[in-house]
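Novice: Sending over a structure as structure tokens; questions will come in a sec.
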Amino acid sequence: MFWMTHLALRRVLLAMALGLALTACGGRDPAPNFSYTLLDGERSSTASLRGKVVLVNFWATSCTTCVQEMPALINTHRKYRERGFETLAVAMSYDPPAHVSNFAQTRQLPFGVVIDNTGAIAKAFSDVRLTPTTYLIDKRGAIVKRYVGEPNFGELHTLVEKLLAEA
């Protein structure tokens with residue numbers, strides 16, 4: 001009797017493990033859909049980014065790490081943009097718009113910059129509060145990776161290469 005119970009338990013555990021493994025293989029969470037206005041006044045939405053690999057970076061001009069990582073974000077954007085990569089820098093709601101605009105202008109940021117005036121975008125991305133927080137999104141609009149703090153850009157580039165190669 002014990003052997004039968006043990007065998008049944010093993011089957012249940014195996015089925016559960018298999019189910020978890022299958023979920024882990026293709027179970028990417030979808031990125032939130034939102035509309036936004038860029039600093040230059042252009043209105044857009046995440047729907048327009050489908051088919052591209054997208055990096056969404058939450059940052060603030062008062063965040064030392066954010067300012068420090070910006071040249072690497074610029075280089076990453078320039079390296080991959082011709083291959084279907086897009087960067088969206090989302091300034092936090094507490095960041096004064098004049099500071100964000102001045103920062104983007106003086107550093108000639110080559111990607112879209114959004115001021116999250118109401119905090120709605122940060123809230124949609126699991127209520128982002130720490131900066132920098134960066135999300136990498138695949139061509140189908142699913143979140144692949146979240147970085148809190150400055151990413152390891154070597155690892156990020158390897159992942160971007162892999163995502164750009166996906167059909």
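Novice: How about region 81-113: which of its residues are in contact with a helix residue (DSSP H, G or I) (Cβ under 6 Å, 6 or more places away or on another chain) and assigned to a helix (DSSP H, G or I)?
Specialist: Residue satisfying the conditions is Arg83 alone.
Novice: In region 25-41, is there at least one residue being of a type in the set (Lys, Arg), modelled with pLDDT of 60 or more and under 24 Å from Arg129 (Cβ atoms)?
Specialist: Looking through region 25-41, at least one residue is of a type in the set (Lys, Arg), modelled with pLDDT of 60 or more and under 24 Å from Arg129 (Cβ atoms).
Novice: Against the definition (assigned to a loop (DSSP other than H, G, I, E, B), of a type in the set (A, V, I, L, M) and either open to solvent by 60 Å² or more (accessible area, probe 1.4 Å) or in contact with a Leu (Cβ under 7 Å, 6 or more places away or on another chain) (or both)), how does Leu130 come out, yes or no?
Specialist: Spelling it out, Leu130 is indeed assigned to a loop (DSSP other than H, G, I, E, B), of a type in the set (A, V, I, L, M) and either open to solvent by 60 Å² or more (accessible area, probe 1.4 Å) or in contact with a Leu (Cβ under 7 Å, 6 or more places away or on another chain) (or both).
Novice: Would you say Thr65 is out of contact with any strand residue (DSSP E or B) (no Cβ under 8 Å at 6 or more places or on another chain), open to solvent by 30 Å² or more (accessible area, probe 1.4 Å), touching a residue at least 60 places away in the same chain (Cβ under 8 Å) and in a helix (DSSP H, G or I)?
Specialist: Criteria met by Thr65.
Novice: Among all residue pairs at least 6 apart or on different chains, which show Cβ distances below 6 Å where the first residue, located in region 138-159, is acidic (Asp, Glu) and the second is buried (at least 16 other Cβ atoms within 10 Å of the Cβ)?
Specialist: Asp138/Val144; Asp138/Leu163; Glu150/Glu69
Novice: For region 144-163, which positions are open to solvent by less than 20 Å² (accessible area, probe 1.4 Å) and part of a helix (DSSP H, G or I)?
Specialist: Scanning region 144-163 gives Leu156, Val160, Leu163.
Novice: A further question follows. Does region 25-62 hold any residues that are over 15 Å from the mean Cα position of the chain (by Cα), open to solvent by 60 Å² or more (accessible area, probe 1.4 Å) and of a type outside the set (Asp, Glu), and which are they?
Specialist: Matches in region 25-62: Cys25, Gly26, Ser35, Leu39, Arg43, Ser48, Ser62.
Novice: If you go through region 104-127 one residue at a time, how many are touching an Asp or Glu at 6+ places or on another chain (Cβ under 9 Å) and either open to solvent by less than 10 Å² (accessible area, probe 1.4 Å) or closer than 23 Å to Val160 by Cα (or both)?
Specialist: 5
The values are calculated or read from the model by the stated rules, or taken from the named source; none is laboratory data. If you're wondering where the values come from, they're calculated on a predicted model, not measured in any experiment. Cβ atoms come from the backbone with ideal geometry, glycine included; neighbour counts cover every protein chain shown. In case anyone asks, the SASA skips ligands and DNA or RNA and just uses the protein heavy atoms, side chains included. Shrake-Rupley method; radii C 1.70, N 1.55, O 1.52, S 1.80 Å.
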